[in-house]
Amino acid sequence: MAGKVKWVTDIEKSVLINNFEKREWVQVTENEDWNFYWMSIQTIRNVFSVDTGYRLSDEQLVNHFPNHYELTRKDLMIKNIKRYRKELEKEGSLLAEKDKNGKYIYLDFVPVTFMLPADYNLFVEEFRKNPSSTWIMKPCGKAQGKGIFLINKLSQIKKWSRDSRTSTFVAASSGKEAYVISLYIDNPLLIGGKKFDLRLYVLVTTYRPLKCYMYKLGFCRFCTVKYTPSTSELDNMFVHLTNVAIQKHGDDYNHVHGGKWTVSNLRLYLESTRGKEVTNRLFDQIHWIVVQSLKAVAPVMNNDKHCFECYGYDIIIDDKLKPWLIEVNASPSLTSSTANDRILKYNLINDTLNIVTPNGEIPDCRWNRSPPREALGNYQVLYDEEQAQSESAEHDLRSRSGQLLGSKGTRGSAGARPAAATWK
Amino acid sequence: RRMDEGTVLSLSIAQIVQRLKGSHLHSQIERQAKDCLHRPEIKLESLKEDVRSFLKTSGWEKKLQNAIYRELHIQLPPSHPTAPLEHLKEPLAYMRKAQASWEKRILKSLNSMSTELGVPLARKRPGAEQKELTNKWNEMGTDEPDLSRFRPVYAPKDFLEVLISLRNPNHDSCEDVCARSHWGLIQVPLNVRDIPQLRQAYAELNLSSGQLGIDDLAHVHPVGSRLFLHSCLFSIAFCVVVVGQDSAAAQQYSRRGCPTGLRADLWALILNSTNQLQLRAGVIQHNLLVDNLIYKDVKLTASNDDYYFVFEDFLYQVLLCFSRDTAVLEHFKYNSATPPKSYLHGKVGDEEYAVVYPPNGVIPFHGFSMYVAPLCFLYNEPSKLYSVFREMYIRYFFRLHSISSSFSGIVSLCLQFERLLQTHLPQLFYHLRQIGAQPLRIAFKWMVRAFSGYLSTDQLLLLWDRILGYDSLEVVAGRYNLNSYFHTNYAVLADLSTLKVIPLIQIFLFATAI
């Protein structure tokens with residue numbers, strides 16, 4: 001194919017630039033004609049804003065969906081998941097089944113969460129049911145652990161109570177920032193006595209039909225300080241938050257490993273200490289909640305054909321080996337804190353580019369979005385809606401014709417597996 | 001005068017019976033036997049048989065078998081009753097002498113560290129300090145004492161120099177050099193196994209037999225048969241662990257690699273380790289100079305390791321308790337080393353005032369904590385972790401830093417390594433020597449640590465499966481050759497972390513043309 005890809009980025013990270021240069025792509029400025037723009041979320045807002053009226057051509061590709069915040073803003077993600085559950089319930093879907101305590105059996109994967117100040121009264125009602133619980137306050141629009149704090153008394157968040165009975169716009173008018181408040185997972189799985197969370201990378205190439213990929217090389221981020229659920233340590237954020245941006249300021253931060261452990265280490269440890277079966281179930285469940293979170297936002301997402309997105313999923317595992325979705329980042333950090341980190345992130349971008357720009361050629365946004373298996377690198381197909389539908393159509397056909405389904409054959413989409421394992 | 005087999009056997013049996021008589025298991029079984037007399041199925045006329053069959057069905061017989069099995073592993077080679085003890089530990093006089101002078105050197109360096117830094121070898125902690133330590137027992141890693149003045153007593157490279165200088169005074173090595181030149185650094189005449197002998201000893205590693213840890217050997221077994229093999233192996237392992245509780249069978253099984261989910265139980269069974277970690281009080285009450293060395297070692301090694309940093313606090317717990325564990329002293333009966341002694345103030349040289357120091361007789365060196373670190377992946381309970389580590393140490397690891405002629409001792413391992421390399425990869429050996437890189441200088445630190453910290457953990461555990469399975473460290477020596485065999489580039493010499501161990505050992509042993 002003639003012509004080299006012309007690229008722009010407003011994120012000056014070596015893992016990006018090295019990848020573009022390796023492909024012999026040509027760097028241009030954003031005012032020139034470009035094919036590939038790896039941009040920050042501030043820039044994507046301008047590209048798709050009504051005012052600028054920018055129109056992308058078929059040969060242009062960007063690394064965010066226009067309204068990615070439906071998934072990546074804490075409050076909107078919760079709103080969308082709640083809506084998704086209700087819709088499934090209305091349809092009478094088996095997925096929306098509840099246990100005898102009224103909890104969703106398959107869709108209870110985010111900690112109980114409320115918006116503040118909007119849901120203040122609902123929160124108070126929930127808080128009083130369980131007054132000894134700890135809650136975590138997070139500002140809606142901030143990342144990297146900024147502005148986060150823990151509370152265990154109502155008095156600590158008086159500021160967010162409603163001033164007037166009627167106004168739902170207190171936050172905007174009084175200058176109070178909007179927060180989400182979530183039940184704090186106070187029984188996290190500890191390894192070597194330390195708390196950690198999982199950072200997993202997920203690539204979405206289209207929402208309708210949904211096609212998503214899980215990166216095999218995620219990692220665990222460890223707190224440098226021993227975990228204690230004791231309330232006296234509520235103010236010590238090193239105990240509770242695993243964000244590298246926070247942990248870097250701790251005295252014990254180690255610059256060799258950066259407190260990061262590979263997912264394969266986690267798997268080896270869990271298989272060795274807890275057994276293969278429960279470990280597989282945990283990873284199946286993690287895949288399941290990622291797919292469900294994407295399905296929850298798919299209907300509202302602007303499925304622009306010029307877009308793809310690589311998300312950073314943050315997941316906490318509790319001591320019963322249940323995974324909880326904490327949040328999703330639209331711009332996972334591409335800064336490398338250690339040598340291994342640099343290799344990982346370089347490969348992440350490399351594998352992402354191999355999928356979204358097949359053969360490193362000038363993108364055509366009308367492409368079929370079905371990369372060959374050998375182009376996946378460290379990605380694995382998490383869910384492919386098209387394929388899942390054609391499989392289930394085949395399934396229907398076969399069962400109607402009275403054939404027994406001895407084996408389901410090899411499944412292309414890993415997303416089907418946890419589903420089958422969980423709700424049947 | 002050599003003893004005949006019958007005498008050896010009866011000596012061994014007598015030894016084991018003697019040792020088991022004093023054990024907790026013995027009293028437990030005795031109690032069980034007494035208690036069962038009230039049971040209806042025990043008849044007076046067939047008392048002996050009935051009690052025996054009761055012990056069998058209630059699982060006590062199996063426990064006894066396992067205990068005997070363990071004794072067989074750690075007991076001394078039976079020898080003539082009049083032979084002095086030190087000859088049992090190490091038959092060759094020049095090895096004994098070398099070990100003794102090495103011990104003297106280490107102890108001297110420890111003592112001078114104590115004098116120079118003004119830190120006593122041991123001191124009782126004041127009450128407040130004891131309390132503080134009790135409170136932070138589970139998070140000793142958060143403590144940042146100033147350890148800049150402490151240096152490891154020795155590092156593997158210091159030990160290597162000692163091994164290189166070993167000579168047998170009764171052996172004219174000059175003559176040997178002319179006859180069959182040896183390019184390596186180790187200059188003592190010990191018998192080590194060559195490839196045909198190794199093949200015989202490690203028959204289960206044969207290319208055609210199934211191995212766990214061979215997912216990368218897809219070209220050898222088609223996928224279907226491999227899956228079948230895995231599931232077979234898995235179910236065998238399951239039977240062994242859950243149903244059988246049989247050490248001997250577990251060990252046999254381990255030769256082909258343990259499935260990850262069963263490894264922890266299999267190893268505990270092979271080692272017949274019992275949970276115990278009651279030495280905490282000893283750590284709380286007294287502060288030892290070696291504690292600082294342990295602390296420093298963990299900080300220098302495991303705390304900076306991508307795999308093991310998570311377990312820092314477990315390592316302190318295990319190693320500090322280990323240093324106070326006098327049960328470890330028992331292994332000096334068959335270790336060529338002798339526990340170091342220290343004398344109470346002003347009584348130097350007076351045996352009446354001598355105490356073993358540290359209490360377990362083992363002075364840690366740079367990298368010692370890496371013997372424990374991989375086990376943290378298997379046991380999340382400190383007491384279990386501790387007992388498995390201690391058992392591994394007194395069976396295998398001590399040999400990696402004691403001078404002896406034992407065929408799984410470090411001297412033999414080094415020699416075997418050099419011989420294998422010289423015989424089968426002469427060009428590589430020659431080339432490395434030409435550029436001033438003696439292969440043993442590269443490989444020694446890997447072998448001293450049984451590869452811990454140099455291989456990725458999953459591969460390391462597969463290697464240690466075989467150490468337990470074959471009850472020998474010999475696989476450690478064979479290991480290095482395999483790498484060089486297939487990856488003669490130097491990147492590999494520096495970084496082993498991406499290698500797959502077992503297929504390499506297999507191919508080296510069974511596909512090398514002799």
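Here r is the Cβ-Cβ distance between residue B:131 and residue A:10 and R0 is 51 Å; the resulting FRET efficiency, rounded to 0.05, is 0.35.
Under 13 Å of direct C-alpha separation, and excluding same-chain neighbours fewer than eight residues apart, residue B:97 reaches these aspartates and glutamates: B:86.
Sorted on the mean count of surrounding Cβ atoms within 10 Å across their residues, most packed first, peptides A:30-41, B:19-30 read A:30-41, B:19-30. Computed packing ranks the peptides A:45-52, B:419-426 as B:419-426, A:45-52, most packed first, by mean other Cβ atoms within 10 Å. Counting Lys and Arg as +1 and Asp and Glu as -1, what is the net charge of the other residues whose Cβ lies under 15 Å from the Cβ of residue A:210? Residues near residue A:210 contribute -2 overall. Using 1/(1 + (r/R0)^6) with R0 = 22 angstrom and r between the beta carbons of residue A:159 and residue A:101, what's the FRET efficiency to the nearest 0.05? After rounding, the FRET efficiency stands at 0.10. Were the residues from residue B:9 through residue B:85 laid out at 0.36 nm apart, the gain over their Cα-Cα distance would be 25.4 nm.
Taking amide H positions as modeled 1.01 Å from N, with prolines and chain starts lacking one, the residues under 5 Å from residue B:456 and 5 or more places away or on another chain are B:499.
Taking 0.36 nm per residue of separation and subtracting the current Cα-Cα distance, fully stretching the chain between residue B:430 and residue B:168 would add 91.8 nm. In this simple spin-label model, placing a label point 7 Å from the Cα along the Cα-to-Cβ direction at both residue B:341 and residue B:106 gives a separation of 1.7 nm.
Residue A:378 sits among other residues whose Cβ lies under 13 Å from its own Cβ, and their net charge, with Lys and Arg +1 and Asp and Glu -1, is +1.
Rounded if a/c is under 1.5, else prolate if a/b beats b/c, else oblate: with a ≥ b ≥ c from the C-alpha gyration tensor eigenvalues square-rooted, which is region B:261-420? Oblate, because a/c is 1.5 or more while a/b does not exceed b/c. A cut-off of 5 Å between modelled amide H atoms, ignoring neighbours fewer than 5 places along the same chain, links residue A:27 with A:7. Scoring B:399-409, A:114-124, B:59-69 by mean Cβ neighbours within 10 Å over their residues and listing the highest first yields B:399-409, A:114-124, B:59-69. Residue A:34 sits among other residues whose Cβ lies under 10 Å from its own Cβ, and their net charge, with Lys and Arg +1 and Asp and Glu -1, is -3. Translational diffusion coefficient of region A:254-350 (Stokes-Einstein, Kirkwood radius from Cα pairs, 4 °C, 1.567 mPa s): 82 µm²/s.
Short-range pairs are left out: with C-alpha atoms under 8 Å and at least six residues apart, the relative contact order of region A:311-364 is 22 percent.
Mean per-residue shielding of peptide A:256-269 is 4, counting Cβ atoms of other chains within 10 Å of each Cβ.
None of the figures in this text is laboratory data; all of them are computed from the coordinates on show. If you're wondering where the values come from, they're calculated on a predicted model, not measured in any experiment. Methodologically, a virtual Cβ is constructed for each residue, glycine included, from the backbone with ideal geometry; neighbour enumeration extends over all protein chains shown.
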